[in-house]
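Down below is the structure, laid out as structure tokens.
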Amino acid sequence: MGNVYRFPGGEMPPDFDTRMPDDIQVRYCYRHPDRETGVSCSNCGRPICHECMIPAAVGFRCPECMKEQGGRDSRAKVITRAQTRSRWSAGAIGGSSGLSVTKVLVALNVAIFVLGLVPSVGDWLTQHGALWGPLVLVGHEYWRMFTSMFLHAGILHIAFNMWALWIVGGFVEQALGRTKFVILYFVSGFAGSVLVLVVAPNVVVVGASGAIFGVFGALAVHAFLNRGRDFQSRSLLRNVLFILVINLVFSFTGGISWQAHIGGLVAGAATMFAMMLGGRKDPRRQFELPDGLAVLGIVLVLVVITAWQVLTVTG
């Protein structure tokens with residue numbers, strides 16, 4: 001037997017504290033939320049309990065990473081720091097090859113605004129492009145639900161919207177790719193127009209705010225679904241939620257179409273959730289049939305709501 005050391009007097013020294021620190025961060029197994037653990041998967045970083053940890057060449061891995069290891073290439077997908085950064089690299093403005101959709105959308109909005117500074121052109125654009133319920137619901141001028149997204153009421157209006165689109169649009173375009181980003185943007189703008197027609201059909205509305213709020217909602221969902229994979233997503237989620245709360249508060253201060261904001265936000269979040277299949281799929285992968293069906297379902301709901309409002313108004 002080994003020797004047992006005894007402190008003088010048989011008592012613990014006064015500075016020997018066996019209590020756990022109050023500020024220690026307690027983590028729970030991602031598969032068993034009721035189990036505390038201090039072990040994380042050496043590949044993806046998710047916390048794992050004693051039942052879920054599988055010995056690996058370096059540390060332990062979670063069951064999902066071990067399944068990938070047994071896949072086609074017999075190697076687990078390693079998440080490196082470079083790959084984590086690439087998920088949000090440079091806001092995608094110039095961070096990906098090819099033409100940036102975000103830049104194109106900003107350029108179109110600015111060009112149309114500049115054209116609208118000519119009095120006769122500006123009057124024509126507003127008369128034929130602004131969203132106004134009676135002309136859509138009774139006159140069936142449904143294109144206004146999209147053309148209004150490219151019109152703005154003043155320099156501050158377009159400056160704020162384009163600044164927000166430039167910043168957040170790049171992140172989401174990087175996360176989705178160009179095609180999915182275009183779909184997300186216009187589905188969000190369409191949803192904002194739908195809620196305007198339902199709640200405030202007699203208000204004239206212009207601006208890209210609905211679509212931009214949809215992009216914000218999509219970014220929040222993407223960060224939320226990736227919060228267990230990297231620290232940057234968790235940090236980004238807090239920042240995006242803070243910005244959304246501030247902007248939603250301003251949306252109800254008057255003179256702003258909160259209907260477009262809420263409609264776009266909900267649709268953008270739902271579209272991103274659908275494209276990620278609830279977090280089971282990387283949205284940067286190729287657009288596949290399940291993605292298309294999920295997005296089509298969201299669009300059909302918006303079309304049905306619009307048709308219902310048309311029938312309600314026209315009798």
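Screening Leu302, Leu225, Leu241, Leu236 for residues that are crowded, with 16+ Cβ neighbours inside 10 Å and under 30 Å from Ala153 (Cα atoms) leaves exactly one candidate, Leu302. Of all residues in segment 130-154, those satisfying the criterion of being outside any loop (DSSP other than H, G, I, E, B) and free of Cβ contacts under 8 Å to residues at least 24 places away in the same chain are Leu135, Thr147. What do you reckon, is Val245 within 17 Å of the chain's Cα centre (by Cα) and more than 28 Å from Val136 (Cα to Cα)? When the stated conditions are applied, Val245 passes them. Answer with yes or no whether Ile183 is among the hydrophobic types (A, V, I, L, M, F, W, C) and within 17 Å of Ala107 (Cα to Cα). For Ile183, the condition - among the hydrophobic types (A, V, I, L, M, F, W, C) and within 17 Å of Ala107 (Cα to Cα) - is not met. Note on segment 124-140: residues that are under 13 Å from Pro201 (Cβ atoms), more than 28 Å from the chain's Cα centre (by Cα) and surrounded by 13 or more Cβ atoms within 10 Å (Cβ to Cβ) amount to 5. Each residue in segment 106-123 was checked for being closer than 10 Å to Met162 by Cα and either touching a residue at least 40 places away in the same chain (Cβ under 8 Å) or of a type in the set (Ser, Thr, Tyr) (or both), and 3 pass. Kindly check whether there is at least one residue in segment 259-277 that is in contact (Cβ under 8 Å) with a residue 40 or more places away in the chain, surrounded by 18 or more Cβ atoms within 10 Å (Cβ to Cβ), hydroxyl-bearing (Ser, Thr, Tyr) and within 21 Å of Ala211 (Cβ to Cβ). Within segment 259-277, one or more residues are in contact (Cβ under 8 Å) with a residue 40 or more places away in the chain, surrounded by 18 or more Cβ atoms within 10 Å (Cβ to Cβ), hydroxyl-bearing (Ser, Thr, Tyr) and within 21 Å of Ala211 (Cβ to Cβ).
Read the figures in this text as sums done on the coordinates, not as results from a lab. Note that the structure is a prediction, hence the values are computed from the model and not measured. Cβ coordinates were reconstructed from backbone atoms using ideal geometry, including for glycine residues, and neighbour counts include every protein chain displayed.
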